[in-house]
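Please treat every number below as a calculation from the coordinates, not as lab data. Owing to the predicted nature of the structure, the values given are computational and were not obtained by experimental measurement. Here the Cβ is made from the backbone with ideal geometry for all residues, glycine too, and neighbour counts use every protein chain on show.
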Amino acid sequence: MAEIHLDPDVLSGLQEVMEGEYPKLLDTFLDDSQKRVEALRKARDDAKALGRIAHSFKGSSGNLGAVRLAELCRRLEDGSAQLTRVDLDELVDEIDQEFALVRPLYEHERQRFQL
Amino acid sequence: MSSLAPVLEPLTILIAEDSAADLLLLSTIIRRQGHQVLTATNGAQAVELFTRERPQLVLMDALMPVMDGFEAARRIKQLAGEALVPIIFLTSLRESEALAQCLDAGGDDFLPKPYNQLILAAKINAMDRLRRLQATVLQQRDQIARHHDYLLHEQRAAKAVFDKVAHSGCINAAPNIRYLQSPYALFNGDLLLAAYTPSGDMHVLLGDFTGHGLPAAVGAMPLAEVFYGMTAKGYGLAQTLREMNAKLKRILPVDMFCCATLLCLSAQRRVVEVWNGGMPEGYVHEVATGKRTPLVSRHLPLGVLSAQAFDDGTEVWPMALGDRVFLLSDGVLDTADANDQLFGAERLQQVFAANREPDRLFEDIERALAAFRGQARDDVSMVEITLQAGQPLRAAEPVYADSGQSCPLDWSVSFEFRAQTLKSYNPLPYLLQLLLEIHGLRGQSGALYSVMAELYSNALEHGVLELDSRLKRDAQGFADYYRQRNERLGQLNSGYVRVHVQVVPTATGGKMTLRIEDRGPGFDVEQVLARPMDVDRLSGRGLSLVRQLSSDVRWSDGGRSVCVEFCWGALA
């Protein structure tokens, strides 16, 4: 599970559902996710905020087939109440890295619909 | 998309979701399923949109900025009122506490992320079915409520009409009638009517139609009309009963009829005449001795038999002043206790026996019923009539439209009523109507009718039927007298009663002379008139009454012919 970064079946399903709106969905997701990654970084001191952001991020990344990203968000959301500051920091970093990893994949997918 | 079931009716669906990508994805899916989409990115916006657009279904993210999904759900449910606006929470909340929170806030279902469009479509359809079901239930509930209101309104209106009909007689005005009727007894088919005859006798009817509700009450109208109309015109019980029976037989369906007791109480003659068809036994209560004579049902109810088969035979009982007649409906006897035991006639007898104050009889019966059952039925009717002297003679009830200018003042007419007619026809109402064409006699219609009735029955009973009035000396002889009267009348094949009317104008008004003849043995006028007026004797009362009421009375031909005069002055 942890090895899958981006589920290609989810993407083809989304493309089928969204049709012409598919590129817009990818744009929205990338834009939205960028904001959430930044928000997570800023909220390192606030466990509650971390949990809330992780919950939303988990939802959208799940919907967009970013399987490992969604899993990391779930661990952050679930652990926000119990985990130590160090562990939380580590998870935020992992999410940061995972998004950095999938982002080019989505951008690449987005390229297919340029013009 | 094509694999999805087609949407029957497009819905307007509100989506509240703060994640832009999820919102875009979800709204695209739903739009492609054929629905209209409204979008909000926080709870406050969702509530505002709901208020404005009234969508039929809401998809709600739980965690949102400004106002979260729980609070928004609570407010939307409140705004929706009785209508079901399903709210599906968009969440993959896994803790049971959070799921319970969604349900507490009014959530109807959940949709986990990542979204599956097949499941989403199925859930929307399922929720739409529930929504429609609720709408149908509400609509039908309101419809039932409207119908119920309508029925109640109709019943109230009908009751107002019936109350007018049922109480248009003397039931409330007569000082000697006490009755107790549960307020909606009429809608259980109970009917109580009372009215004066032209001679001041009182007719009372206690009826009980089969069935319940409006169908049981509709028959009351025609029955009351016949009762009042014929009583006011001076018809006797037999003819009134025949007319009632024929009318009900004609208009009511076969399974509907009317049990009834019809009474004629005459304070002048100190008798009560009774016909009981299917009602519980009432009683004549002789106050002096405490004896109660049951008024037994001897006939089928009204509206059952054809005119040919109908029996109008009545029973006559003597009554002293102060004696009482008590009638009741089966609601009294059929009051059942918790074990379905009926109150019954025996318990009623015990109440009678224990009753010390006659005026408190109703209260005693009611108390006994309450003790027996604990709650009142709505079809209990009781009536008690006391025989009181000095009932005023009534002027004829109908209002006349003519001014009297054209009334006939110089004429005569003769009738001869022979055996076949005497058996079944009462000519008195017809004669009274004829005489009331004379304006000047209308004020004396009561006296006129009383005198005619007395002289006619003397001619029939003593003249034609040769019955001996001395038989009526005591209660036993009284019963014998009326039994013999019915027997002889049934076998009658000769004899006649002649009635001659002569009207002449006088200087100040007019004079009507009425002569009644019979072909009988006659009687010794001097001797009968010389007898003292004795209240204990049940005979001989009629002649003194006639002498009191008319201007002049003369007998001739050995008592076979009697002549009375009524005079009137100038009309105002």
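Between B:V161 and B:D552, 0.36 nm times their residue separation minus their Cα-Cα distance comes to what?
Roughly 136.2 nm would be gained on extension.
With an 8 Å Cα cut-off and a minimum separation of 6 or more residues, compute the relative contact order for segment A:29-71 in percent.
Relative contact order here is 33 percent.
I want to make sure I understand the PRE zone here: with the label point 7 angstrom from the Cα of A:E90 toward its beta carbon, which residues in segment A:46-83 have backbone N atoms less than 12 Å away?
A:83
Against the longest principal axis of chain B, how steep is helix B:220-232, in degrees 0 to 90 to the nearest 10, with axes from Cα atoms?
It is inclined by approximately 20 degrees.
To the nearest 500 deg cm²/dmol, what mean residue ellipticity at 222 nm is calculated for chain A from DSSP H runs of n ≥ 4 alone, each contributing -39,500 (n - 2.57), summed and divided by the residues?
Counting only the DSSP helices, I get -26000 deg cm²/dmol.
Report the FRET efficiency, 1/(1 + (r/R0)^6), for B:V66 and A:E16, where r is their Cβ-Cβ distance and R0 is 22 Å, rounded to 0.05.
That gives a FRET efficiency of 0.05.
If each DSSP helix of 4+ residues adds -39,500 (n - 2.57) and the sum is divided by the residues in chain B, what number results at 222 nm, nearest 500 deg cm²/dmol?
-12000 deg cm²/dmol
Given a Förster distance of 60 Å, report the FRET efficiency between A:K24 and B:Y150 from their Cβ-Cβ distance, rounded to the nearest 0.05.
0.55
Farthest toward the dipole's positive end in segment B:411-568, which of B:G559, B:G463, B:G490, given Cβ charges of +1 (Lys, Arg) and -1 (Asp, Glu) about the Cα centre?
Toward the positive end, the furthest listed residue is B:G490.
Compute the acute angle (0 to 90°) between the alpha-carbon long axis of helix B:361-373 and the principal axis of greatest extent of the alpha-carbon atoms of chain B; round to the nearest 10°.
30
Cα axis of helix B:344-354 to longest principal axis of chain B: angle in degrees, 0 to 90, nearest 10?
60
Could you tell me which residue out of B:L118, B:Q36, A:Q114 lies farthest along the dipole of the protein assembly as shown toward its positive end? Charges go on the beta carbon: Lys and Arg +1, Asp and Glu -1, centred on the Cα centre.
Value computed over the given set: B:Q36.
Please tell me the relative contact order of chain B in percent, rounded to the nearest whole number, where contacts are Cα pairs under 8 Å and at least six residues apart.
10
May I ask which residue of B:L214, B:A475, B:A105 lies farthest towards the positive end of the charge dipole of chain B, with charges of +1 (Lys, Arg) and -1 (Asp, Glu) on Cβ and the Cα centre as origin?
Checked the options; the winner is B:A475.
If you take every DSSP beta bridge fully contained in the protein assembly as shown, what fraction is antiparallel? Give it as a percent rounded to 5.
The antiparallel proportion sits near 80 percent.
For B:N116 and B:N493 in the same chain, what is the full-extension length gain: residue separation times 0.36 nm, less their Cα-Cα distance, in nm?
125.3 nm
Kindly rank B:352-361, B:33-42 from highest to lowest mean number of other beta carbons found within 10 Å of each residue.
Most protected by this proxy first, the peptides run B:33-42, B:352-361.
Compute the distance in nm between two label points, each set 7 Å from the Cα along the Cα-to-Cβ direction, one at B:N486 and one at B:L434.
Output for this residue pair reads 3.0 nm.
Using the Cα centre of chain B as the reference point, and only Cβ charges (+1 on K/R, -1 on D/E), how large is the resulting charge dipole? Debye, rounded to the nearest 20.
Magnitude of the dipole: close to 1040 debye.
How big is the charge dipole of segment B:167-386 about its Cα centre, in debye rounded to the nearest 20, if each Lys and Arg gets +1 on its Cβ and each Asp and Glu gets -1 on its Cβ?
460
Between segment B:182-254 and segment B:21-58, what's the alpha-carbon centroid distance in Å?
69
Which value, in debye to the nearest 20, describes the size of the charge dipole of the protein assembly as shown about its Cα centre when Lys and Arg Cβ atoms bear +1, Asp and Glu Cβ atoms bear -1, and nothing else is charged?
For the protein assembly as shown, the charge dipole is close to 2860 debye.
Using only atoms on other chains, find how many Cβ atoms lie within 10 Å of each Cβ of peptide A:77-85 and report the average.
What the average comes to for A:77-85 is 1.
Can you give the FRET efficiency to the nearest 0.05 for B:D524 and B:D334, using r as the Cβ-Cβ distance and R₀ = 56 Å?
0.55
What number of lysine-lysine pairs in chain B show an alpha-carbon separation below 26 angstrom, given a sequence spacing of 8 or more or placement on distinct chains?
Going through chain B pair by pair, I get 16.
Peptide B:23-33: average number of partner chain Cβ atoms within 10 Å per residue?
4
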